[in-house]
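Everything on this sheet refers to the single structure shown next.
The values are calculated or read from the model by the stated rules, or taken from the named source; none is laboratory data. Predicted model, so just to flag it, every value in this text is computed and none were measured. Cβ placement follows ideal geometry from the backbone for every residue including glycine, while neighbour counts extend to all protein chains displayed. Surface accessibility is based on the protein's heavy atoms, side chains included, excluding ligands, DNA and RNA. Shrake-Rupley method; radii C 1.70, N 1.55, O 1.52, S 1.80 Å.
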Amino acid sequence: MVSVENISVSFGSFELLNGISFLINRNDRIGLAGKNGAGKSTLLKIIAGLQSPTSGKVTMPAGCRVGYLPQQMIASNTTTVLDETLKAFEELLKIAEEIEMTGNEIASRTDYESDAYLRLCDKLTLLEERYRMLGGNDYMSEIEKTLFGLGFERDDFGKPTSLLSEGWRMRIELAKIILRKPDLMLLDEPTNHLDIESIQWLETYLEDYPGALILVSHDRALLDNVTRRTIEISLGKIYDYRVPWSQFVELRKERREQQLAAFRNQQKMIADTEKFIERFRYKATKAVQVQSRIKQLNKLERIEVDEEDYDSINIRFAAAPRSGTVVIKAENLSKSYGTHPVLDNINITVTRGEKVAFVGRNGEGKTTLARIIAGELDYNGKLSVGHNVKIGYYAQNHDEIIRDDKTVYQTVDEVAKGEIRTRLREILAAFLFRGDDIDKKVKVLSGGERSRLALVKLLLEPYNLLLLDEPTNHLDMRSKDILKQALQNYDGTLIVVSHDRDFLENLTDKIYEFRNKKIKEFTGTIHEFLIKKKMESLRELERKEAKPVEKIEKENLSANKIRYLEKKEYEKNLRRLKRRIEIIEDEIEEIEKEIAIMDKILSDSGNIPQDSAVFFNRYNSFRKELENKISLWEQYNTDLESFLNTI
């Protein structure tokens, strides 16, 4: 379907991609692999037509639609979630406008037998058929299903996009791509801003997607479940494997062993040839052989081997100082941002040596609780930190622990202790700081580089409680493996907030799920947790579907009777919500009257009562009560609007 032909990309003397070619077939499921900086994102941009290669070309059939999701992008700031998502159906909405205009024109005419009138009727028929073919009858339900799947609630649909984080805006862009149903979908790290439930939904969607897909991701489970082919970029070349990720890893290991064997043999041959040349260079009787060997070396195509495989690095950090048995204990802990509650009377106990995962949908309070434990936020309730607990906290924006005037190497060298200091270059390389990178000043590092450096520094310091919030977002596969191995060997206590299923598997032994302002404890692996969640979801679905049937059978009600009762219940709830608003409006009116009287008194300084302290206390009390009532009035109106939207 799409042909990538002899693509090369050069930056001065550095060649990022060197003459790569491959075909993307209809329905291909390709995982694009390679180390950070190998050229994966560049290749996706070239295929999407957003970047030109130094040489080579990409050809595709006329009308082939490509959907591209980059890692970072500038999203719209001037619309709402729903309106921005509706842009996926621009053609459909234009047809709808044309249908309305054509229909109005037909309705205004009376020349029913004229050719012009018949042409209008034919045009309307074709437009309506096109509208139907493009999904005009159910596009709103498709939008809802997609936004719900990516973690949005119905109440979010009307939110201005300017109020959303970068991660939520990326979800909107992903939704638009999904809804456009392109022939080729290019997704660059789509799970970076998704929670586990949204990732599972995306995975299910991509498994059945009818078009072709190229996926860059550090989520092994997603790659294994979705892709059927893996293309690796290494040293400017590509290696094409007709297998998913896990099988590719094994085949790559075999290839590397073959590369190393061939490399060693070639190096030995080169060394032997150079010795021969040096030995007989000045002997006339060997001049012909010497020149022949020199030409042989000049023509030799040198075998290149991938950079060191950092999977073999085994990092063991210094023993963590011993803490008390109970490391963290929260009792009836609550947290709200203004009038918006996030955590409501939660209880949690983490003991020494436990490795705990915080999981759940975005916005459910995982990071909030992590920040409370780290001492960054106030709260209601009780939180106890155990004896001798030293907390190391890593967050995505937590790079203030590193100084701008230090180099990368100096930053870690000043905190490393003992034998580990001899391996700092190796450890920095494992976290993508290689060669001259270690001499860079911190102030010139990108956001992702600063986050990685903060993570390395944190792991080298003697903390006995590590609190990590999405630590893998800026790591490639091998760096992630090294971090995971280090944490598995870590003898302190670990709390990790993550959406990465593969990273959490065999790392944590207890899971706290955050949902609806509460948390629920689960003992077991993330794999067991996800299996249980799917079963629970199915059971909940069955209960929801079974309840009306059981009720009908038990009460033997007719369909008309059920509709009557549903309508009656709806009207009762509607009256209750409206009555609640009326009551609070009356209360607001009474308070405003009292304040108006007191304002009049204040406007005439001569009328201020002698006991002014009591007067002003009463006045301030009314003002505060008015603010609270108005806030309740806003909430009640929101409740009413939500109720009406669910019908």
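Say each of K532 and D224 gets a label point 7 Å from the Cα, pointing the same way as Cα to Cβ; how far apart are those two points in nm?
2.1
Charges on Cβ only, +1 for Lys and Arg, -1 for Asp and Glu, centred on the Cα centroid of the chain; of T146, V356, L187, which one is farthest towards the dipole's positive end?
So the residue we want is V356.
Keeping all protein chains in place and using 1.4 angstrom, which order do W201, W633, W245 fall into by accessible surface area, from largest down?
Details: W201 65, W633 90, W245 20 Å².
The residues order as W633, W201, W245, largest area first.
Computing the accessible area with a 1.4 Å probe over protein heavy atoms, can you report the carbon and sulfur percentage for the chain?
C and S atoms contribute 49 percent here.
Which helices count as membrane-span-like in the chain under these terms: full DSSP H, at least 30 Å along the axis by C-alpha, Kyte-Doolittle mean of -1.0 or more?
559-603, 612-645
Only one of the listed values, [x] -0.93, -1.16, -1.43; [y] -1.08, -1.32, -1.56; [z] -1.15, -1.29, -1.42, was derived from the coordinates as log10 I(q)/I(0) by the Debye sum over Cα atoms at q = 0.10, 0.11, 0.12 Å⁻¹; which label is it?
Computing log10 I(q)/I(0) by the Debye sum over Cα atoms at q = 0.10, 0.11, 0.12 Å⁻¹ and matching it to [x] -0.93, -1.16, -1.43; [y] -1.08, -1.32, -1.56; [z] -1.15, -1.29, -1.42 gives [z].
Once a ≥ b ≥ c are taken as the square roots of the eigenvalues of the Cα gyration tensor of the range 147-277, is the result rounded (a/c under 1.5), prolate (a/b larger than b/c) or oblate (a/b not larger than b/c)?
Cα axes put the range 147-277 in the prolate bin.
Using Cα positions and a limit of under 17 Å, work out the lysines in reach of K624, with same-chain residues fewer than 8 apart set aside.
K593
Is the shape of the range 320-457 best called rounded, prolate or oblate, per the rule: a/c under 1.5 gives rounded, else a/b larger than b/c gives prolate, else oblate, with a ≥ b ≥ c the square roots of the Cα gyration tensor eigenvalues?
Values: a/c = 2.82, a/b = 1.75, b/c = 1.61.
Verdict is prolate for the range 320-457.
Of G365, T325, G338, which is farthest on the positive side of the dipole of the range 321-381, counting Cα position, with +1 on Lys and Arg Cβ, -1 on Asp and Glu Cβ, and the Cα centre as origin?
Result: T325.
For K517 and Q488 in the same chain, what is the full-extension length gain: residue separation times 0.36 nm, less their Cα-Cα distance, in nm?
My answer for the length gained is 7.4 nm.
Work out how much length E274 to N620 would gain on full extension: take 0.36 nm times their residue separation and subtract the Cα-Cα distance, in nm to one decimal.
115.2 nm
May I ask you to list the chymotrypsin sites (Phe, Trp or Tyr not before Pro) in the range 100-168 that are in a DSSP loop and have at most 13 other Cβ atoms within 10 Å of their Cβ?
Sites meeting the loop and neighbour criteria: Y112.
Once ligands and nucleic acids are excluded and a 1.4 Å probe is used, how much of R618 is accessible, expressed in Å² to the nearest 10?
120
Per residue, what volume in Å³ does the convex hull of the Cα atoms of the range 27-156 enclose?
Hull volume over Cα atoms, normalised by residue count, gives 208 Å³.
Are there GluC sites (Glu not before Pro) in the range 356-444 that DSSP puts in a loop and that have at most 15 other Cβ atoms within 10 Å, and which ones? Spell out each step's value before the answer.
Working: sites: E364, E376, E400, E414, E419, E426; in loops: E364, E376, E400, E414.
Counting only loop positions with at most 15 other Cβ atoms within 10 Å, the GluC sites (Glu not before Pro) in the range 356-444 are E376, E400, E414.
Can you give the FRET efficiency to the nearest 0.05 for E105 and R425, using r as the Cβ-Cβ distance and R₀ = 60 Å?
On the way: r = 75 Å, r/R0 = 1.25.
Approximately 0.20, to the nearest 0.05.
Percent antiparallel among DSSP beta bridges with both residues in the range 466-525, to the nearest 5?
60
Return the calculated 222 nm mean residue ellipticity for the chain, to the nearest 500 deg cm²/dmol, obtained by summing -39500 (n - 2.57) across DSSP H runs with n ≥ 4 and dividing by the residue count.
-16000 deg cm²/dmol
What whole-number distance in Å separates the alpha-carbon centres of the range 406-473 and the range 500-532?
28
Calculate, for the range 342-472, the solvent-accessible area per residue in square angstrom, rolling a 1.4 angstrom probe over the heavy atoms of the protein chains.
Per residue, the range 342-472 has 42 Å² of solvent-accessible surface.
Between V415 and N265, what is the spin-label point distance in nm, taking each point 7 Å from the Cα along the Cα→C-beta axis?
Distance between the two pseudo-spin positions: 4.7 nm.
Quick one: if you stick a label point 7 Å off each Cα along the C-beta vector at R119 and H340, how many nm between them?
Taking the two extended label points, one gets 5.5 nm.
Among rounded, prolate and oblate, which fits the range 412-512 when a ≥ b ≥ c are the square roots of the eigenvalues of its C-alpha gyration tensor, a/c under 1.5 means rounded, and a/b larger than b/c means prolate?
It is prolate, given that a/c is not under 1.5 and a/b is the larger ratio.
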